[in-house]
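Shown next, in structure tokens, is the structure this report addresses.
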Amino acid sequence: MEVASASAEPGRTWNSPHWTADDIGPDFAPMLDAMRVFHHRLAGARLPDDLTEEMRGIFERLGERLLEHQVPEERQIAGRIDIPGRGQLLVPNYELDAVEPDFLAGRLTYGRHFLGRNGAVYGGAIPLLFDSVLGRLANGPGRPASRTAYLHVDYRSITPIETELRFTAEVARQEGRKRFIRGTLSHGGTLCADVDALFLVLRPHQR
Ligand SMILES: CCCCC/C=C\C/C=C\C/C=C\C/C=C\CCCC(=O)SCCNC(=O)CCNC(=O)[C@H](O)C(C)(C)COP(=O)(O)OP(=O)(O)OC[C@H]1O[C@@H](n2cnc3c(N)ncnc32)[C@H](O)[C@@H]1OP(=O)(O)O
């Protein structure tokens, strides 16, 4: 496996380090998909004690096995690879339908893991999505790395779980180091939330 340095490279962009499917083996992405399904079912479950105990044992044993495979951030795969979900479990998985230099559009479904109350997505999971999608646009190909300075999210209507949602993100304008990006999240014709964000291109000493 070739090891690229994410943090020491001044011109790094969205895709650096550039891990490929060869770096993860055939089972990594399906294993994460299984974990996602597990998260949703766990959030929706009332567990009997014997199953809780069995699961605790399994997780403790698997957690122990992961210890010997810990790597420094520069070699981390999670969140650094261009596969659906970017190889991590923090941000809800989404699919991109349109990828242009100044515009992205896509779809996602928040599962039960992201439930707040009454069938609605937990509010904080929405800026999480926006930071990821808008951050991806802000740090797109040919753009030097930038960091979120603010995300202003307005919740316009309840965002339902287990329902396909659509999002957009577009570069509104660029002023020097400042990239102003806005986005929307909708359900059918209903706007669920929108966002105005500022990303600041990093100065040479910043990382
Ligand atoms: C955790 C770091 C991650 C870095 C990511 C880097 C690379 C990405 C590479 C690949 C991409 C991969 C994934 C992308 C996916 C998601 C992206 C997520 C990105 C994040 O999730 S990242 C974590 C959250 N993020 C922070 O942890 C920021 C903490 N913070 C700072 O690091 C500084 O605060 C900084 C750098 C923002 C600014 O500091 P600075 O010293 O460079 O700039 P300065 O203060 O001089 O401001 C210059 C001009 O911007 C105006 N300005 C500044 N801040 C403003 C604000 N909040 N509101 C309105 N205006 C503001 C000033 O008013 C001035 O304006 P003017 O020039 O007109 O006077």
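The values are calculated or read from the model by the stated rules, or taken from the named source; none is laboratory data. Source: prediction; values computed, not measured. Note: ideal-geometry Cβ built from the backbone for every residue, glycine included; neighbour counts use all protein chains shown.
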Among the numbered criteria (1) out of contact with any Phe, Trp or Tyr (no Cβ under 8 Å at 6 or more places or on another chain); (2) charged (D, E, K, R); (3) assigned to a helix (DSSP H, G or I), which single criterion is violated by Arg136?
(1)
Filter the range 117-142 down to the residues that are polar (S, T, N, Q) and more than 13 Å from the ligand (Cβ to nearest atom) and list them by number.
Asn118
Residue within the range 75-93 that is at pLDDT 95 or above and either among the charged types (D, E, K, R) or in a strand (DSSP E or B) (or both) present
no
Of the conditions (1) part of a helix (DSSP H, G or I); (2) among the aliphatic types (A, V, I, L, M); (3) in contact with a strand residue (DSSP E or B) (Cβ under 7 Å, 6 or more places away or on another chain), Leu128 clears all except one; give me its number.
(3)
Residue pairs, Cβ under 9 Å, 6 or more apart or interchain, first in the range 68-89 and free of Cβ contacts under 8 Å to residues at least 60 places away in the same chain and among the small types (Gly, Ala, Ser), second surrounded by 12 or more Cβ atoms within 10 Å (Cβ to Cβ) and in a loop (DSSP other than H, G, I, E, B). List them.
Ala78/Gln88; Ala78/Leu89; Gly79/Gln88; Gly79/Val91; Gly85/Val91; Gly85/Pro92; Gly85/Asn93
Would you point out the residue of the range 148-207, among those that are more than 13 Å from the ligand (Cβ to nearest atom) and among the aromatic types (Phe, Trp, Tyr), that is nearest to Pro101 (Cα to Cα)?
Phe167
Could you check, for the range 107-125, whether at least one of its residues is crowded, with 19+ Cβ neighbours inside 10 Å, within 16 Å of Ile181 (Cβ to Cβ) and modelled with pLDDT of 95 or more?
no
Do any residues in the range 18-43 that are under 16 Å from Asp82 (Cα atoms) have Cβ atoms under 7 Å from those of residues that are loosely packed, with under 13 Cβ neighbours inside 10 Å, where the two are at least six apart or on different chains, and which pairs are they?
Asp23/Met1
